[in-house]
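No value in this document is a laboratory result; all are computed from the given coordinates. Small disclaimer: the values here were computed from a predicted structure and weren't measured. Cβ placement follows ideal geometry from the backbone for every residue including glycine, while neighbour counts extend to all protein chains displayed.
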Amino acid sequence: MELELRGITKRFPGVVANDNVNLTVRGGEVLALLGENGAGKSTLMNILYGLYRADEGEILIDGETVHFASPRDAIKAGIGMVHQHFMLVPNFSVADNVILGVEPTISLGRINRRSARKRVAQLSRDFGLDLDPDALTETLAVGIQQRIEIVKVLFRDAKVVVFDEPTAVLTPQEIEDFFRIVETLTAAGRGVVFITHKLKEAGRIADRIVVLRRGKTVGEADPKTATPAQLAEMMVGRPVELVVSKTEAEGSTTMLKVSNLAVTDPDGRLLVNHVNLEVRAGEIVGIAGVQGNGQSELVETLVGLRRPIDGTVTLDGADITHLTPRDRHRCGVAHIPEDRQRDGLVSSFSITENLALTGYYEAPLSKGVNMNWEGARTEAERLVRDFDIRTPSTETTTGKLSGGNQQKVIVAREISRPLKLAIASQPTRGVDVGSIEYIHQRLVELRDKGVAVLVVSTELDEIMALSDRILVMFDGDIIADLQRSETSHNDVGLYMAGAKGEHIS
Amino acid sequence: MTAAIASPRPAPDAEPRHSPWPHRWISVRLNALALLTALILSALIIAISDLDKLKHGDVGGMLTNVKDSYIALAKGAFGSLRGFSETVTYATPLIFAGLSVAVAFKAGLFNIGATGQVFAGGLAAVWVGFAIDIPAVPHIILAMAAAAVAGGLWGGLVGLLKARTGAHEVITTIMLNYVASFAVLWLLKTTAFQAHGRSDAVSRDVAKSARLPFLFGFLHRSSIDLRAHFGFVIAIALAVFVWWLLKKSKLGFQFRTLGANPEAARYAGMNPGRLTIGAMLLAGAFAGLGGGSEILGGINQGHATSSFAGNIGFDAIAVALLGRSSPWGTTAAALLFGALQAGGQEMQLQVHVPIDLVLVIRALIVLFVAAPSLTRIIWRLKDSGGEEGAQLFKGWG
Amino acid sequence: MSTPTEVYRDAQLAVGRSLEQIKRSRNLGIVYLILAAITAWRLTSHAGTATFNLSGGHSFGVAATPLAWVVAGSLAVMGGVQLARGLGKWQTAALAAVAVVFIFTLLAWAAAPNSFAFVGMLSQGVTYSAPLIFGAMAGIMCERSGVVNIAIEGLLLSGAFTSALVGSVVNFWVGVGAAMVVAALFAWFLAWLAIRFKVDQVIVGFFINFFVLGLTSFLGNRILAVDEAYNQVRTLVPWKIPGLHSIPVIGPILFEQTIFVYIAFALVAFLAWAFAKTRWGLRTRAIGEHPRAADTLGVNVNQLRYRNVIAAGAVAGFGGSWWTANVGRFNENITNGRGFIALAVVIVGRWSPAGALAGALVFGFFDAMEAKLSFLNTGIPGEFVQMLPYLATIIVVAGFVGRSRAPRAAGQAYDSQ
């Protein structure tokens, strides 16, 4: 089967998300669609999948124009999609998630679960996916959940499979497994579209690379000949520094010390398993690890949002284990949360209000029982200037800003005051390259001023670029403590997969 | 889910550019149209529910019916000092309870429990009113303070349950309304409350010193004629307080943050549990003051019966919805509802159209205000965007 | 050699209980101790034998005071165990047992030294539960699809009014049909506003409640009051199911009821089966939990929501005609908040048909018990008994449902763009 997108244009209020995009995929080949966050990749794929309707342009299958009014039409035409955020009902079994929408039924609308289970098991065996049809989805690891998504697509007999940022949640080793699965798919004659912003992966698996920038196709590249620097320039539109420039750390006194810290979930399962770690003033420590290995819970405990069942946290020698988030804020702890939309911002509030969110309780943002909105506005104007937040005014609601600018609002709020410790979770997730560079630079500046910086990221590249020291978390444990200068990408990857290391602390 | 590209300039404001009207006026115009739509639909109901005229196809008679009803309604509400006084009388408890619901809304809480809180406040006020013997001004202050405290505790209980156990306030407030109404029924029959020589649920009368003075007392007309009382002034003062709370105060900023994004509030170091309790305490206190005002002034003539909270709690929800939870919007909505109630009495008396029609009109107004797009379709207005009602309900979890 | 990792794995097993679990367990323990204290303090005061009358002239007697002491003792022990180490997986079963035993003791105390119609009371309770079951099933059908239905009260009331009016003018069953249609129309309106205009579902629900209350009261005064013939329906007589109704105790309780009760039970069984086994059930659960997932798999989310909400309206309309069948006429606000109780039943029953059935039966039972206790003249104010189910709901919601698994998408409009 050959799938072609011709002249696709899609406008949203205020932006053109896709501007005359053209591309073709054939059976048996892997097309990588490369572009940075916000380049319009997901919009394009949602059009292909019938979730959005294009304003202009057409979709052709084997030369014939087709119209997708809904995903149903796309599925019927042989297109399958593995979404970046998995489309799985958490409290369904694997088999139920697979059959949803195309349930095999017997009389009275009853689902034929036996046949469903058999086919799921069969497909899982054929493609080496190793899935239990009866397992409850929410109890499975992310890598396994992705396989459910793949079986869903195969169950519908898709001829072209679209993967939207499939490696974001996987360990380097899981990524290798994933590439093997992709090869099985192409070997079986399926076409694959691989959407990514990761240059190396595009080069590793694709037969052809199409680069998308600001909604436009800016060119096609041959993975065998194109260098990462060339691809990066195509993607961003200007030469990009792939590494953060920084000097050697001058780590001195211990600022943060965590001893024997343990955290459980409501059912009593250990999420953080008696962890020990230290961050010195003037040092960036990166915590690497695949999502869901206890990093989020560790951070929430460090900033006071969770109570540990055991262990202590000291800051600059003082025990802060039982302090509230507010008191830790007072002590000079900054926190850039991992999910800015959910935890970091109130999208219906203005920039001024959002900048006042954590420091509202004291001057100059408030006076006695009253807020000092005059003072807050002056302060906001200063921060908007200092942190290069692109906005028409400080009274614009943050929901209307781009992801990068939203993140800058949070960064500005958190680090523009005297600090001892800054904790940044996924500081650049879903942020454009310009803002990534900017935020990284700010974190390094913070370190140079003598602040202890703890960066948690699932992006190994980010960890490698920023950190002076790298800790790896796996299954609630810290299983490695590595000097940046003495370790490699591959080495950290092995730790992240739990293939190396033991409970070291 | 829109994957908007990172544009160099942020998306323009949703401020409608094609309209010559400022945003606020569009909203006022839409609300006026909502009111008009509700009145037209209600007119239809008046017309066709007269079975005799319907059978005879007497369209003229039906129209006369509608005309007479609405004239009586308007006269009853505004046509005389007495009408105005009645409007204010009915609006007063709705302002209190409406502000209660509105403040809770702002903090992301759905207070269906104003009924129970009105009961709690009224009961406390009536007890202080008859059991304590002190001079007038302190007596009123003490009785109203007791009402605020009792209502606040009743409401705060809901906040406490939510903060401590996650019990959803929609359920606990509904349940506590029933508990309160049965408790009142029982208490009013105990010797501590019951009027001497009565066997039904009626309390003793509060002392003269605890009665709220009549607003138009200086005119020396009969108090049955002009029932509006000082509670209205307290209600307006409360609206000013709520305005200050939400716009100017630190506490109000925290409430608004909690209401708009509870996770962000938690991450920002605010204490969602304490704020939830605080918001419900305040909401309960406001409704409790409403109960006090009803008992010490109001149409209850200084004593409590088993039904003195009436429909105040539910009407308060409509009032807060209509006023979009802003203090002045809520006050205006309460006055509108009060006017409809006062006018409805007159309408029932003069034209024999049951006062229940007022409930229908109120419901329809709430509908058309809550669904501006519906109003716009009916009146074929262009969509100007950005004023859709906020999502109040955030799931049971 | 034992690696440190293994040591900590053991620690993991030893932890086993989170702070939340410990807190919940402690609260329950306190509740049991309070119940024990109440039992010992108040329920030991009536001497003599309480006679529980069963059907067909059978009865059994219980010595009230010794029973109360035994129960108080057991409750105290259970409270202690609960406080000390929790009852683990038996916690819920234990709570149910405690509730049943406590109420039984209360009844024995109230009745002693006389007798009362125990089976009659239970049977009455089942009758009262029917409209709650219909309301709750309507609620579950909506909420499982991701639409919050606060309007159950209004839908029931619209059904009650319509069935009374049409039932009087034509005949009862046509009235029931009309009630289903009218309530379904209101439900459609709820869905339309919530889906097409994305109006907050709770606001629409309240609108329907206000509107139906106003409209039925208005029309009741303006039409039904004009002529008795507009508001007079023959009440439905119970239909004894041959064979089954002669089973001792169970028979008179469950199988000498009106057709409404049987249909209510059948509906619960049907929904429980359909949610678990059918394509409709799978899709409905999917659009209530993760509508976007369902959408990407080609399930038409909003269409299914429309269908389910409208069907739920018909169910509530049917439930509304229970009042007509039982009372024989319509009175202003005849449902008197039953729809809100049904909503509570949905939540207490954790959005499952069987759970809601249990909740509805408990509420129905309390209604019946209140009537009986006031008749027994125990000195407990009737208002207290009436209060009990509401207090119990608060305790259950606070202590057990808590942050439970509601359909995740309930209350949110779905838009594929």
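What is the fewest-to-most order of A:Ser467, B:Ser85 by other Cβ atoms lying within 10 Å of their Cβ? Show your work: numbers first, answer last.
Values: A:Ser467 25, B:Ser85 22.
In increasing order of surrounding Cβ atoms, one gets B:Ser85, A:Ser467.
With both labels modelled 7 Å from their Cα along Cα-to-Cβ, the A:Gln230 to A:Arg125 distance reads 4.6 nm. Under the convention that each Lys and Arg Cβ holds +1 and each Asp and Glu Cβ holds -1, the size of the dipole of the protein assembly as shown around its Cα centre is about 2260 debye. Please go through the residue pairs A:Lys367/B:Lys247; B:Lys106/B:Lys248; A:Lys200/A:Lys400 and name each one whose alpha carbons sit more than 25 Å apart in this structure. Over 25 Å apart, Cα to Cα: A:Lys200/A:Lys400. With viscosity 1.567 mPa s and temperature 4 °C, the Kirkwood radius over alpha carbon pairs of chain C converts through Stokes-Einstein to a diffusion coefficient of 55 µm²/s. Counting Cβ atoms of other protein chains within 10 Å of each Cβ in C:380-387 and taking the mean gives 5.
Between A:Gln291 and A:Thr378, the FRET efficiency from the beta-carbon distance, with R0 = 51 Å, is close to 0.80.
What ranking do A:His67, A:His489, A:His83 get, fewest neighbouring Cβ atoms within 10 angstrom at the top?
A:His67, A:His489, A:His83
Using the Stokes-Einstein relation with a Kirkwood hydrodynamic radius computed over Cα pairs, the translational diffusion coefficient of the protein assembly as shown at 20 °C and a viscosity of 1.002 mPa s comes to 63 µm²/s. Comparing B:His139, B:His352, B:His220 in a Gaussian network model of chain B (Cα springs below 10 Å), the most mobile by mean-square fluctuation is B:His220.
Taking the mean number of other Cβ atoms within 10 Å as a proxy for protection, how do you rank C:386-394, B:97-105, A:321-329 from highest to lowest? Mind dumping the intermediate values first?
On the way: C:386-394: 21.1, B:97-105: 31.8, A:321-329: 17.1.
With the highest mean Cβ count within 10 Å placed first, the list reads B:97-105, C:386-394, A:321-329.
The rule of thumb for compact globular proteins, 2.2 N^0.38 Å, goes into the C-alpha radius of gyration of chain B 1.06 times.
Each of B:Arg221 and A:Asp157 was given a label point 7 Å from its Cα along the Cα-to-Cβ line. The distance between the two points is 8.4 nm. Note on segment B:123-273: Cα-only Rg and Dmax are 19.8, 59 Å.
Fully extended, how many nm does the chain gain between A:Asp310 and A:Asp388 (0.36 nm per residue separation, minus their Cα-Cα distance)? Present the calculation step by step, with values, prior to reporting the outcome.
On the way: separation 78, 0.36 × 78 = 28.08 nm, distance 4.20 nm.
Gain on extension, A:Asp310 to A:Asp388, equals 23.9 nm.
With a cut-off of 16 Å on the backbone N, no residue of segment C:117-139 is near the modelled label site 7 Å out from C:Ala269 along Cα-Cβ.
Karplus-based coupling profile of segment A:308-322, in residue order and whole Hz: x, 8, 7, x, 10, 10, 10, 10, 6, x, 9, 6, 10, 3, 10, with θ = phi - 60° in 6.51 cos²θ - 1.76 cosθ + 1.60 and x standing for Gly or Pro.
Residues of A:82-93, mean number of Cβ from any other protein chain within 10 Å of their own Cβ, rounded to a whole number? Intermediate results must be reported in sequence, preceding the final value.
On the way: counts 0, 3, 0, 3, 2, 8, 4, 12, 5, 6, 6, 0.
Counting Cβ atoms of other protein chains within 10 Å of each residue's Cβ and averaging gives 4.
Of the peptides A:262-272, C:144-154, the order by per-residue mean of other Cβ atoms within 10 Å, starting with the highest, comes out as C:144-154, A:262-272. What does a probe at C:Ala40 reach in segment C:77-111, counting residues whose amide N is under 15 Å from the point 7 Å along Cα→Cβ? Within reach of a label on C:Ala40, which here means backbone N under 15 Å from a point 7 Å along Cα→Cβ, segment C:77-111 contributes C:77-81. Highest average first, the peptides B:315-326, A:439-450, A:424-435 ordered by how many other beta carbon atoms sit within 10 Å of their residues are B:315-326, A:424-435, A:439-450.
Using Cβ counts within 10 Å as a stand-in for footprinting exposure, how do C:Tyr414, C:Tyr262 rank, fewest first? Please report the intermediate quantities before stating the final value.
On the way: C:Tyr414 18, C:Tyr262 15.
The most exposed by this proxy come first: C:Tyr262, C:Tyr414.
Counting Cβ atoms of other protein chains within 10 Å of each residue's Cβ and taking the mean over peptide C:188-199 gives 3. A dipole drawn for the protein assembly as shown from +1 and -1 charges on Cβ atoms has a positive end, and of C:Ala413, B:Leu35, A:Thr253 the residue lying farthest that way is B:Leu35. Taking every DSSP beta bridge with both residues inside segment A:2-236, roughly what % is antiparallel (nearest 5)? DSSP beta bridges in segment A:2-236 are roughly 55 percent antiparallel.
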